[in-house]
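Working notes for the structure below.
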Amino acid sequence: MKVSEKKYSALVEQISDGIVILNGTLIEFGNRTIYEISGYCEEELIGKTFDELISPESNELLLERKRRRLASEPVPDTYELEIITKDGQKVSVETKIQPIVYKGVSARIVIIRDMTKSKQAENPVKESEQNLRTYLENAPDGIAQNLKNF
């Protein structure tokens, strides 16, 4: 049993995604990566509510999805949220929330992937696309039509 526990503990601590376990909305467990993403140490994060970790806009999304879930409407289990770090910065993350049993009670595990690098890579592509659209909107009709047909 101890060998198995050590193996799973090592896996959870070495994974590049953040992990938190929620009992209701209280954070009961966090791995090394969530501390790195959030800037909080274990003592500061454990016992906080998940609501305290995410932006007000993300809280609104979670409340809406919860309302829909309670109404038996289909709701995705993957969310794009913003975490508010200890120093007040917003970090874009993708989360996947699943029910689990933790210490003998129903809980939820949240896998948190930092999307900062992905978002930064998207920006030049979006800017280039916007520049092309602006060019096409302002280009002479012959050029614009030839490009559209291309």
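Of note:
- Filtering the range 43-84 to residues that are part of a loop (DSSP other than H, G, I, E, B), of a type in the set (D, E) and over 17 Å from the mean Cα position of the chain (by Cα) leaves only E73.
- Meets criteria (farther than 17 Å from Y102 by Cα and surrounded by 13 or more Cβ atoms within 10 Å (Cβ to Cβ)) for L26: no
- Counted residues, the range 85-107 - those being more than 16 Å from the chain's Cα centre (by Cα) and either surrounded by 14 or more Cβ atoms within 10 Å (Cβ to Cβ) or among the charged types (D, E, K, R) (or both): 5
- Residue within the range 40-47 that is surrounded by 16 or more Cβ atoms within 10 Å (Cβ to Cβ), farther than 13 Å from R113 by Cα and touching a strand residue (DSSP E or B) at 6+ places or on another chain (Cβ under 9 Å) present: yes
- Cβ-Cβ contacts under 7 Å between residues 6 or more apart (or on different chains), taken from a first residue in the range 65-89 that is hydroxyl-bearing (S, T, Y) to a second residue that is in a helix (DSSP H, G or I), are listed as Y79/L61; T85/S38.
- Exactly one residue out of I27, I21, I34 is within 15 Å of E82 (Cα to Cα), at pLDDT 95 or above and among the β-branched types (V, I, T): that is I34.
- The residue of the range 25-42 that is farthest from I111 (Cα to Cα), among those that are of a type in the set (D, E, K, R) and either assigned to a helix (DSSP H, G or I) or in contact with a Cys (Cβ under 8 Å, 6 or more places away or on another chain) (or both), is E42.
The values are calculated or read from the model by the stated rules, or taken from the named source; none is laboratory data. Quantities reported herein were computed from a predicted structural model and do not represent experimental measurements. When we count neighbours, we look across all protein chains shown, and the Cβ atoms used for this are built from the backbone with ideal geometry, even at glycine.
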